[in-house]
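Down below is the structure, laid out as structure tokens.
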Amino acid sequence: MDFKQLFDFSRSTHTLASIERLLFWDQETMMPTQGIDIKTMQKKELAALIHHRKTSKEYEKLLSQFIALDSGEILNDQLNDDQKRSLELMREDYHKMKKLPVDFITEFAEVTSKATHVWIEARQNDDFELFAPHLSKIIDHMKKKADLLGYINHPYDPLLDEYEPQITTQTIDSLFDPLKKALIDLTQQLSHHSIPDQFLYGSFDRTAQFSLNTGILNNMGLDPKKVRLDQSAHPFCMPIHPTDIRLTTHVQDAGFYQGFSATMHEGGHGLYEQGLDPDFFGLPLAEAASIGIHESQSKLWETFIGQSFSFWKGYYPIVQETFKEQFENISLDSFFHAINAVRPSLIRIHADEVTYGLHVILRYEIEKAFMEGKLSVYELPEFWNAKMHEYLGIVPHTNAQGCMQDIHWASGLFGYFPTYALGNLYAAQLHHTMLAAFPDYNVRLENRDFKFIREWLLQQVHRHGRRYYPQQLIEKATKKKLAVDDFLSYLNKKYLPISARA
Ligand code: ZN
């Protein structure tokens, strides 16, 4: 039998999934409000169709002609390496899919849908008691999910594996422990300084902001024939196919920087999707390696590049030209310091580069404690506040600003948070490697030349898709194992001089 038959079947399934993503994009950007009912019906129909295809006898039969589903042995010696690796990953996905019964998936979808609904109200009214029983149910489901997926060492391992294949709780501990200590130290050293930043806020024309944002995407190398930028409440990147990527940003009158920075972040995600090989669409080789690797691409552009002095040396004149009134009399130095101020804050999504990791580690430790049965839902607010105090030196006045600030737990995303911090660690190693590979790296940035970065990332990360597991991919690209050193030396090198000058 021809591999093409299996490829065709899988590509059809992926095409349906691409329509599902297009519906999501439409809902968040263009859909009139009353379109919600038909949209829900459309999404439900498609989801059922996709699930059916992925677990169908027909697919199982096709797949098992090339790879033994139990042992993983490749059954056809005519296949090339790309095809063999695709089969291994397809078998892995198939088993994961089969381990979660349809009843569990349907019930879990209902539980999280209700919980998300309640979470919105509970957060609005700062009513943790209202949310607690729903969170409790979700944790029960997480424990069940871990049992269904199976694990050897820790019940959190299979949850992590969903988003970051092959990483374990033990590895995360070995990274997060030294990271936590160093970040707490650095935060304490840096957060005494008050840095003026009032010029970042005021009134900024939205049309001008939008063209500034489109401009940076073009400079980064996102192809306008394949990528579009729109507005949504929360910025996101929705890949339909390597030739059709939907990005959104959120521009506000009150300031241009948050929207600009969000655009660079989503642009980094977009470049990754644009760099996947369209010829493999339908196979795992045209899929991103993991959520953490995806986040490394967005963080690299948003912070490592987009908050660097060299970048702004080249880009600040454009911003000054666009917003003359606001920035005419503000020096590059003042601007650079303002966007890099380190301030412990309550809300993760607004956190700076130094404190961000502590927010993530806090959630990781809570999720792990839930899974180990060491923490009950009713102890959560107190536990949260104690950790905030220990790590960041501040305590929220409300649970809305504390343990109910993120939607992740209500939507059942357990095991997801660590990928945010892993993204920074991966990005730091890639950044470090690029600095060594291109001695004129900073000069190029000053000249707004980003092509070499995009091309390097394409070769080292994007074009591989899921060919390598995340840690393997990083080890191949950076010639060393995943560790916290590069991230910490990056932070020290950047922030200690800022603090000395402030
Ligand atoms: Zn992201």
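The values are calculated or read from the model by the stated rules, or taken from the named source; none is laboratory data. Computed from a predicted structure; not experimentally measured. Backbone-built Cβ (ideal geometry, glycine too); neighbour counts: all protein chains shown. Protein only, heavy atoms only, side chains kept; ligands, DNA and RNA dropped before computing areas. Shrake-Rupley method; radii C 1.70, N 1.55, O 1.52, S 1.80 Å.
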Where Ser174 falls short, out of the listed (1) under 30 Å from Thr322 (Cβ atoms); (2) open to solvent by 40 Å² or more (accessible area, probe 1.4 Å): (1)
Residue match in the stretch 293-315 (condition: part of a loop (DSSP other than H, G, I, E, B), open to solvent by 10 Å² or more (accessible area, probe 1.4 Å), within 27 Å of Glu162 (Cβ to Cβ) and touching a helix residue (DSSP H, G or I) at 6+ places or on another chain (Cβ under 9 Å)): no
Number of the exception - Lys114 against (1) farther than 30 Å from Gly402 by Cβ; (2) open to solvent by 90 Å² or more (accessible area, probe 1.4 Å): (1)
Considering residues of the stretch 281-292 that are among the hydrophobic types (A, V, I, L, M, F, W, C) and open to solvent by less than 10 Å² (accessible area, probe 1.4 Å) only, the residue farthest from the ligand (Cβ to nearest atom): Leu283
Test: residue in the stretch 119-126 that is crowded, with 17+ Cβ neighbours inside 10 Å and either outside any helix (DSSP H, G or I) or not charged (D, E, K, R) (or both): yes
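Only one of Asn76, Asn80 is open to solvent by less than 40 Å² (accessible area, probe 1.4 Å) and not charged (D, E, K, R). Can you tell me which? First the steps, then the outcome.
Details: Asn80 fails: open to solvent by less than 40 Å² (accessible area, probe 1.4 Å).
Every option except Asn76 fails the conditions.
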Residues of the stretch 322-342 satisfying the condition of being open to solvent by 10 Å² or more (accessible area, probe 1.4 Å) and polar (S, T, N, Q): Thr322, Gln326, Asn329, Ser331, Ser334
Strands (runs of 3 or more DSSP E) fully within the stretch 172-270 counting 2 or more residues that are within 16 Å of the ligand (Cβ to nearest atom), among the β-branched types (Val, Ile, Thr) and modelled with pLDDT of 95 or more: 244-249
Complete set of residues in the stretch 258-280 that are touching a residue at least 24 places away in the same chain (Cβ under 8 Å) and open to solvent by 30 Å² or more (accessible area, probe 1.4 Å): Gln274, Asp277, Pro278, Phe280
Cross-chain or 6+ apart pairs with Cβ under 8 Å, the stretch 296-308 first and among the aliphatic types (A, V, I, L, M), then part of a helix (DSSP H, G or I) and away from the ligand (no atom under 13 Å from the Cβ): Leu300/Leu430; Leu300/His431; Leu300/Leu457; Ile305/Phe311; Ile305/Leu445; Ile305/Ile453
Total residues in the stretch 98-131, condition at negative phi and over 25 Å from the mean Cα position of the chain (by Cα): 17
